[in-house]
Amino acid sequence: MNQTRTSAGKALFGIACGSFLAVLLLGRSTSERRLFESRSTQFREFTDTEKHNLLLSHKDFLAQSPERQQQLRDIHHAALAEPKLHETLLRFGDWWKQLSRSDWDTWMTLSTENRLTFVQEHWTTSSTRRTSDQVEIRFPEAYARRLPTLHLTTSECLMLVSTMVPEQDRSDDVQSDLQSLNSNGHKALRLNLFLFEKIQNARQSSEQVQKATAQILALKHILLNDLNDAEWSTAFKTAVRPVEGRSWEVGWLTPIVYSIFSQCALKLGSDLLQEFPVSEAQILSEFEKITSEQQRELMTMSPAQAKGRLEFLAQTDAAEGPEQLLLQRYAEFAGHQDRLLRSVSFGLGPPGGNSTTTRPNLPPARRQSSQEP
């Protein structure tokens with residue numbers, strides 16, 4: 001954590017320095033020259049890694065609009081004047097890096113007021129994400145009025161996805177992977193990812209619809225009776241009562257079920273990443289390994305988001321054996337989860353045939369894709 005905060009502080013300092021470089025280089029007064037000489041001395045005393053971070057921050061600053069540059073200057077001055085604000089900014093940087101790519105994409109579409117609401121709703125969950133065995137499930141807006149946040153354990157995640165993907169429906173590769181994985185969290189993640197692979201590649205038939213319908217109704221029974229979160233189960237019982245036995249019952253249940261599976265996958269994947277901590281040097285070295293196109297893409301992102309992508313690649317390198325393959329599969333899911341969820345129709349993919357994209361048996365080489373979270 002100290003290392004992360006130190007890095008965040010250096011990045012903030014780099015942005016601040018970058019905001020003044022153009023003015024300083026053109027400055028003519030004695031005070032401006034003295035300030036420039038002081039900054040130059042500081043720069044020469046930096047390590048190579050610190051110099052690299054500073055130059056990246058400066059380049060990122062120059063790429064911003066004039067309005068955004070002024071915002072960064074204002075943030076810098078405010079942080080210097082208020083130490084508590086500086087600490088909050090560091091914490092916000094740590095929190096931001098833990099969000100999924102879909103959260104980042106959602107953030108970009110929100111107004112300032114809605115962004116504040118987004119932080120309030122996600123802050124507590126994110127701050128406990130590294131250490132908690134609990135998975136918090138939040139439901140789509142149409143359901144959230146009646147369904148509170150659901151709290152699951154990793155064992156319950158495994159129980160639910162095992163019901164949706166029973167042993168007879170698992171491929172030989174999945175069975176082999178499950179035998180090589182040790183924790184319930186890893187096994188639940190593998191089955192969740194396999195479930196979404198099936199969604200993407202499935203072709204509908206009456207038999208498959210009947211099977212998926214039976215599985216979703218079996219899940220309803222578990223959600224009503226077998227979870228530790230009794231408060232949520234009570235609310236769910238009240239919410240489901242008006243649709244029970246109706247022709248649209250399964251259709252009503254489907255978004256609930258796949259909200260659970262997708263958020264379990266994201267939480268378990270995030271936990272898996274935390275098992276492979278990496279150094280700043282390892283993160284920076286990943287930049288040289290990716291393609292020129294991927295490098296350019298990174299340079300258009302915020303420093304925190306770009307670092308998060310590189311950190312993921314470094315963590316994948318640090319992983320070994322079945323966990324490394326599991327991380328690669330998780331990366332592909334995290335990059336495409338919104339499209340996968342939009343394709344859900346009783347868990348069988350879009351109506352009328354295969355999904356619009358094809359997926360190989362194994363995920364593509366990670367250096368060929370920039371879809372990591």
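The values are calculated or read from the model by the stated rules, or taken from the named source; none is laboratory data. Small disclaimer: the values here were computed from a predicted structure and weren't measured. Heads up, the Cβs are rebuilt from the backbone with ideal geometry, glycines too, and the neighbour counts pull from every protein chain shown.
Tabulated results
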read-out: Conditions (1) over 29 Å from Glu332 (Cα atoms); (2) touching a Phe, Trp or Tyr at 6+ places or on another chain (Cβ under 7 Å); number of the one not met by Gly245; value: (2)
read-out: Breaking point among (1) in contact with a helix residue (DSSP H, G or I) (Cβ under 7 Å, 6 or more places away or on another chain); (2) charged (D, E, K, R); (3) modelled with pLDDT of 75 or more, for Lys84; value: (1)
read-out: Criterion: at pLDDT 75 or above, surrounded by 12 or more Cβ atoms within 10 Å (Cβ to Cβ) and on the phi < 0 side of the Ramachandran plot - qualifying residue of Arg138, Arg145; value: Arg138
read-out: Hits in the range 259-309 - residues which are surrounded by fewer than 18 Cβ atoms within 10 Å (Cβ to Cβ) and either touching a strand residue (DSSP E or B) at 6+ places or on another chain (Cβ under 6 Å) or basic (Lys, Arg) (or both); value: Lys289, Arg296
read-out: Qualifying residues in the range 238-258 (those that are among the polar types (S, T, N, Q) and part of a helix (DSSP H, G or I)) - the one surrounded by the most Cβ atoms within 10 Å (Cβ to Cβ); value: Thr254
read-out: Per-region count, the range 60-70, residues surrounded by fewer than 12 Cβ atoms within 10 Å (Cβ to Cβ) and either at pLDDT below 80 or more than 15 Å from Met301 (Cα to Cα) (or both); value: 2
read-out: Evaluation of Ser127 against (1) assigned by TED's automatic domain parsing to the domain that holds Lys267; (2) modelled with pLDDT under 90 (one fails), failing number; value: (1)
read-out: Candidates Ala218, Ala235, Ala214, filtered to the one that is out of contact with any Phe, Trp or Tyr (no Cβ under 7 Å at 6 or more places or on another chain), part of a helix (DSSP H, G or I) and under 14 Å from Leu150 (Cα atoms); value: Ala235
read-out: Residue, farthest from the chain's Cα centre (by Cα), within the range 39-65, restricted to residues that are part of a helix (DSSP H, G or I) and of a type in the set (A, V, I, L, M, F, W, C); value: Phe43
read-out: Helices (runs of 4 or more DSSP H) wholly inside the range 149-211 that include at least 3 residues being touching a residue at least 12 places away in the same chain (Cβ under 8 Å) and either touching a strand residue (DSSP E or B) at 6+ places or on another chain (Cβ under 8 Å) or among the charged types (D, E, K, R) (or both); value: 154-164, 184-201
